[in-house]
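Asker: For reference, the structure I am asking about is given below.
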């Protein structure tokens, strides 16, 4: 079982405080990390070469310039998308989430997707050490005063993403149901 933090109360320019409702924390567009455009290539190369990230394939295309991922704690995978254009001139934006690894069928279940901001920064901070965060892609976050704690719940059953594994799992599930059915009839 793993825990992650996500902003609950933030402060933007002019000391304006914003409360992030717990029901909206699943919206990956709420927060984006910002990296200087001239450093985004360097950050991505660093993550691939030194931190074990790889191109996130297969993946739905969201128009990103880079899409990379890495298993951070089985079965959880950190997926980052970097867009070279952002609302802030000279910055690339990074959207990130933790999800079930793409090698499992459950990867397609959005119930297991949680946007994150701190985890990507932990991986790239040695090459770009500033934590720059934007809210709703328009407002620079000046301060995070409180966070939510979320527990990542592993699925009860992980089904590998391969035809043979799907067939075996399906046969096992049907077999178990048939056993239950016949055991009930014997009593």
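The values are calculated or read from the model by the stated rules, or taken from the named source; none is laboratory data. The shown structure was predicted, so the numbers you read here are calculated from the model rather than taken from an experiment. Cβ coordinates were reconstructed from backbone atoms using ideal geometry, including for glycine residues, and neighbour counts include every protein chain displayed.
Asker: Counting only residues that are more than 30 Å from residue 43 (Cβ to Cβ) and in a loop (DSSP other than H, G, I, E, B), which one in segment 142-165 is modelled with the lowest pLDDT? Lay out the reasoning, then the answer.
Answerer: Here is the first cut: in segment 142-165, the ones more than 30 Å from residue 43 (Cβ to Cβ) are 153, 155-160, 162-165.
Still in the running and in a loop (DSSP other than H, G, I, E, B): 153, 155-159, 162.
Details: 153: 83, 155: 82, 156: 82, 157: 79, 158: 81, 159: 74, 162: 65.
This residue is 162.
Asker: A further question on this structure: Restricting the search to segment 85-100, which residues are surrounded by fewer than 21 Cβ atoms within 10 Å (Cβ to Cβ) and either in contact with a helix residue (DSSP H, G or I) (Cβ under 6 Å, 6 or more places away or on another chain) or without any contact (Cβ under 8 Å) to a residue 40 or more places away in the chain (or both)?
Answerer: Answer for segment 85-100, where residues must be surrounded by fewer than 21 Cβ atoms within 10 Å (Cβ to Cβ) and either in contact with a helix residue (DSSP H, G or I) (Cβ under 6 Å, 6 or more places away or on another chain) or without any contact (Cβ under 8 Å) to a residue 40 or more places away in the chain (or both): 85, 89, 90.
Asker: Given the criteria under 27 Å from residue 151 (Cβ atoms) and touching a residue at least 12 places away in the same chain (Cβ under 8 Å), does residue 20 qualify? First the steps, then the outcome.
Answerer: Numbers: under 27 Å from residue 151 (Cβ atoms): yes; touching a residue at least 12 places away in the same chain (Cβ under 8 Å): yes.
When the stated conditions are applied, residue 20 passes them.
Asker: Something else now. Mind telling me which of the residues 78, 34 ends up being touching a residue at least 24 places away in the same chain (Cβ under 8 Å), surrounded by 15 or more Cβ atoms within 10 Å (Cβ to Cβ) and within 17 Å of residue 130 (Cα to Cα)?
Answerer: Numbers: 78 fails: within 17 Å of residue 130 (Cα to Cα).
Selected residue: 34, the only one of 78, 34 that is touching a residue at least 24 places away in the same chain (Cβ under 8 Å), surrounded by 15 or more Cβ atoms within 10 Å (Cβ to Cβ) and within 17 Å of residue 130 (Cα to Cα).
Asker: Which one is surrounded by the most Cβ atoms within 10 Å (Cβ to Cβ) among residues in segment 101-141 that are in a helix (DSSP H, G or I) and at pLDDT 95 or above?
Answerer: Ranking the candidates gives 120 first.
Asker: Okay, next question. Please identify the pairs in which a residue from segment 46-62 that is over 11 Å from residue 123 (Cβ atoms) has its Cβ atom under 7 Å from the Cβ atom of a residue that is assigned to a loop (DSSP other than H, G, I, E, B), counting only partners at least 6 apart or on another chain.
Answerer: 58/102
Asker: Moving to a separate point now. Grab the strands (runs of 3 or more DSSP E) fully contained in segment 1-96, keeping just those with 1 or more residues being modelled with pLDDT of 95 or more and under 24 Å from residue 111 (Cβ atoms). It would help to see each step written out before you state the result.
Answerer: On the way: elements: 2-12, 16-19, 31-36, 66-73, 76-83.
In segment 1-96, 2-12, 31-36, 66-73, 76-83 are the strands (runs of 3 or more DSSP E) which contain 1 or more residues that are modelled with pLDDT of 95 or more and under 24 Å from residue 111 (Cβ atoms).
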